[in-house]
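The values are calculated or read from the model by the stated rules, or taken from the named source; none is laboratory data. All of these numbers come straight from a predicted model, not from anything done at the bench. Every residue, glycine among them, receives a Cβ derived from its backbone with ideal geometry; neighbour counts consider all protein chains shown. Accessible surface is based on the protein model in full, side chains and every heavy atom, while ligands, DNA and RNA are left aside. Shrake-Rupley method; radii C 1.70, N 1.55, O 1.52, S 1.80 Å.
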Amino acid sequence: MKKIKAENVDYGYLLSRDEIPIEFEGDVVEDYFLDRRELITALRSGPDTRIVLTRLSKGFWVVDILFWDDSTDLLQLDAGVLAGTYSDAQFVNSIHVYPVNTICFNCNHIWESLAISRGDYVGAPGLLLKKKTQRHLLRCPICGNSFSIAVVKIIGEHKAA
């Protein structure tokens, strides 16, 4: 894992081989995705996602997911992070997301999806709103209805137990 700063935000950038730590730089890491470990493992080296730690406050980091909706070459970004040659431009089209089962209130299908996080970026006020307005939000693939949250990627249809 490498500590980086991109778009004025401090990150602990996890490379595909990195495990999520319980501490980073002597601070506690809050992992809200413990129950989604399989999914996080898959997203860690996906073609459009990376796992990062984001500093919430002094003493705390949180596990986050970055999603790119363009053709940014994330393997090239990984190499740049490792070599210290990455740039802010490589993060411009990324956005913080979280995994969620999204219900279409029109047709009642449930989709495993990635939705835009609600909290702004620590160290970069207003960045979330800027990034959110530049995103194409998805609709239900079955009926075309808008979702009640800002979905940017559908991973699959949720299978009810």
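Observations on the structure shown:
- Identity of the residue in the stretch 90-104, under 16 Å from the mean Cα position of the chain (by Cα) and more than 19 Å from Ala42 (Cβ to Cβ), that ends up surrounded by the most Cβ atoms within 10 Å (Cβ to Cβ): Phe91
- Residue match in the stretch 2-13 (condition: hydrophobic (A, V, I, L, M, F, W, C), touching a Leu at 6+ places or on another chain (Cβ under 7 Å) and modelled with pLDDT of 90 or more): no
- Residue pairs whose Cβ atoms lie under 8 Å apart, sitting 6 or more positions apart in sequence or on different chains, and linking a residue in the stretch 77-106 that is more than 21 Å from Gly12 (Cβ to Cβ) to a partner that is open to solvent by less than 20 Å² (accessible area, probe 1.4 Å) and among the hydroxyl-bearing types (Ser, Thr, Tyr), are Val100/Ser113; Asn101/Ser113; Thr102/Ser113.
- Summed over the stretch 105-161, residues that are of a type in the set (Ser, Thr, Tyr), outside any loop (DSSP other than H, G, I, E, B) and either open to solvent by 80 Å² or more (accessible area, probe 1.4 Å) or closer than 23 Å to Arg44 by Cβ (or both) total 3.
- Test result for Asp70, out of contact with any helix residue (DSSP H, G or I) (no Cβ under 9 Å at 6 or more places or on another chain) and within 15 Å of Lys153 (Cβ to Cβ): yes
- Filter result (closer than 23 Å to Ala115 by Cβ, surrounded by fewer than 13 Cβ atoms within 10 Å (Cβ to Cβ) and in contact (Cβ under 8 Å) with a residue 12 or more places away in the chain) within the stretch 31-66: Tyr32, Pro47
- Residue check: Asn101 meets all listed conditions (1) in contact with a His (Cβ under 8 Å, 6 or more places away or on another chain); (2) over 27 Å from Glu19 (Cβ atoms) but one, namely (2).
- Thr72 vs. criteria in contact (Cβ under 8 Å) with a residue 12 or more places away in the chain and farther than 18 Å from Tyr11 by Cα: yes
- Of all residues in the stretch 12-25, those satisfying the criterion of being assigned to a loop (DSSP other than H, G, I, E, B), without any contact (Cβ under 8 Å) to a residue 60 or more places away in the chain and either open to solvent by less than 60 Å² (accessible area, probe 1.4 Å) or among the aromatic types (Phe, Trp, Tyr) (or both) are Leu14, Asp18, Ile20, Pro21.
- Filtered residue count, the stretch 28-45, keeping only those that are at pLDDT 90 or above and either touching a Gly at 6+ places or on another chain (Cβ under 6 Å) or closer than 22 Å to Asp70 by Cβ (or both): 1
- Hey, Val122 under 19 Å from the mean Cα position of the chain (by Cα) and at pLDDT below 95 or not: yes
- Residue within the stretch 72-89 that is part of a strand (DSSP E or B), at pLDDT 95 or above and open to solvent by 20 Å² or more (accessible area, probe 1.4 Å) present: no
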